[in-house]
Amino acid sequence: MNHRGSSTLILGANGQLGRALRRLLPQADFASRAEIDVRDPRLDSSRDWGRYDTVINAAAYTNVDHAETAEGHGRDPRRQFSC
Ligand SMILES: NC(=O)c1ccc[n+]([C@@H]2O[C@H](COP(=O)([O-])OP(=O)(O)OC[C@H]3O[C@@H](n4cnc5c(N)ncnc54)[C@H](OP(=O)(O)O)[C@@H]3O)[C@@H](O)[C@H]2O)c1
């Protein structure tokens, strides 16, 4: 993650959408799952979210077949995160 005065943060930065946003918004901050896991129960308090004007969530669990199983339902990061 870089900190060059940007007020935009993109989560899920290593996915297809996140990589496209790197090209479009090179001045933004980017966080891969290794840096920010949106399912982390401490997410709200683990970051100074107020420093960002915009947070774009490109993180998603995209294994569609598995997501439709009972186990997969619990993995969908969109169920765990709102901004
Ligand atoms: N691609 C498109 O053309 C397109 C178009 C319209 C909308 N969208 C939407 O954009 C979103 C992302 O799609 P995508 O194609 O970029 O999917 P993707 O290539 O599968 O990327 C998803 C990214 O989310 C990360 N991720 C998964 N669980 C996470 C978690 N708990 N915390 C943080 N990051 C997590 C993954 O990290 P790992 O690499 O570590 O698994 C991966 O880098 C989806 O909601 C999709 O519906 C995509």
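The values are calculated or read from the model by the stated rules, or taken from the named source; none is laboratory data. This one's a predicted model, so the numbers in the text were calculated from it and none came from an experiment. Reconstructed Cβ throughout: ideal geometry from the backbone, glycine too, with neighbour counts over all protein chains shown.
Computed values, structure above
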| quantity | calculated |
| --- | --- |
| Given (1) assigned to a loop (DSSP other than H, G, I, E, B); (2) at pLDDT 90 or above, number of the condition F81 does not satisfy | (2) |
| Residue selected from the range 38-52 under the condition among the charged types (D, E, K, R) and either closer than 18 Å to G18 by Cα or outside any loop (DSSP other than H, G, I, E, B) (or both), by the criterion farthest from the ligand (Cβ to nearest atom) | R51 |
| One residue from D65, D29 being within 15 Å of the ligand (Cβ to nearest atom), within 14 Å of the chain's Cα centre (by Cα) and charged (D, E, K, R) | D29 |
